[in-house]
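Here is the structure we will look at.
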Amino acid sequence: MEIRRRALEVLRIPDPALKAAAARELYQAALAQVQQGLALDTDTVFPTPADLPGRPARPRLLSALQVPHRSPFTREGRAALIHAIAHIEFNAINLGLDAAWRFAGMPLQFYLDWLQVAAEEALHFNLLHEHLQQTLGHTYGDFDAHDGLWTMAEKTAADVLARMALVPRTLEARGLDATPPLQAKLARAGDQRAVEILDIILRDEIGHVQIGNHWYRHCCRERGLDPIALYPELVARYEAPRLRPPFNFDAREAAGFSAEELAYLRS
């Protein structure tokens, strides 16, 4: 199987359930192919289709400022909040698949890492969607959403270094900071299942951000660049969101942020 070509095909699937299942199957297929000593198509450059990413007709996508605030303390508000998290996880499946097909010429482990990320994000989406349906009486697409994660993916489509800097270790790292306060609110609202799902997501997202940190530094070494000095330049160049407290320092340290980076955040 041409694993990276298949990653592009899965990225184009519009149905969330089918995409999630295919992403998980693809990661297992890639592992099996490597274990059998078969090469992945790491150097193939594919033309970019116009219909990326595949996604359903709903939810309606708005700017972040147009999406209303969601309170977990009403049933409908909690459903909207869980839907918002599920939307992030659906986008994160797309981001993992996109990294795997788009950037040719990286080491083999790069592709295995991002297919693993896509598979784990698919699990997260499934857990959230099941909770949304079975407990809260809604399905994915019932609420409006925004598209910030994919917008940054489009901005960084031409440069793997910028992608690693600004998607996993910037936008996804914000999830490390946001999850514990969100869990506290959901616990007060009595939604213990949502708290448990977010425990799984936080555990896995630490690994995903760590993967982003690893490959960002790998790209910097390859180009003879200082990752610390370069980062603010990339934030400005690509108009990435600036980091704002509170920060989850324990999770960020576990995800591979350096002592220097953590000291900067503390300052």
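Readers should treat all values here as calculations from the given coordinates under stated rules, not as data from a laboratory. In this text the structure is predicted, and so the values were computed from the model without any measurement. Counting neighbours? That spans all protein chains shown, and the Cβs are built from the backbone with ideal geometry, glycine included.
Results, tabulated for the structure shown:
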{"read-out": "Whole-number percent relative contact order across the chain, with pairs defined as alpha carbons under 8 Å at least 6 apart", "value": "19 percent"}
{"read-out": "For the stretch 45-119, size of Cβ-based charge dipole, Lys and Arg +1, Asp and Glu -1, in debye", "value": "360 debye"}
{"read-out": "Helical contribution to [θ] at 222 nm, DSSP H n ≥ 4, -39,500 (n - 2.57), averaged over the chain, rounded to 500", "value": "-21500 deg cm²/dmol"}
{"read-out": "Cα shape, the stretch 107-164, gyration tensor, a/c 1.5 rule", "value": "oblate"}
{"read-out": "Mean separation of Cα contacts under 8 Å, 6 or more apart, over the residue count of the stretch 2-53: relative contact order %", "value": "51 percent"}
{"read-out": "Mean projected area in nm² (Cα convex hull; one quarter of hull surface) for the stretch 66-173", "value": "7.1 nm²"}
{"read-out": "Relative contact order of the stretch 26-132, pairs being alpha-carbon contacts under 8 Å that are 6 or more residues apart, as %", "value": "35 percent"}
{"read-out": "Farthest positive-ward along the stretch 1-90 dipole, Cα basis, beta-carbon charges - from Y27, A79, A39", "value": "A79"}
{"read-out": "Total charge dipole magnitude, the chain, about the Cα centre, Cβ charges on Lys, Arg, Asp, Glu only, Debye to nearest 20", "value": "440 debye"}
{"read-out": "Separation of alpha-carbon centers, the stretch 137-171 and the stretch 21-67, rounded to whole Å", "value": "13 Å"}
{"read-out": "Loop-located GluC sites (Glu not before Pro) in the stretch 151-256 whose Cβ has at most 13 other Cβ within 10 Å (DSSP)", "value": "E239"}
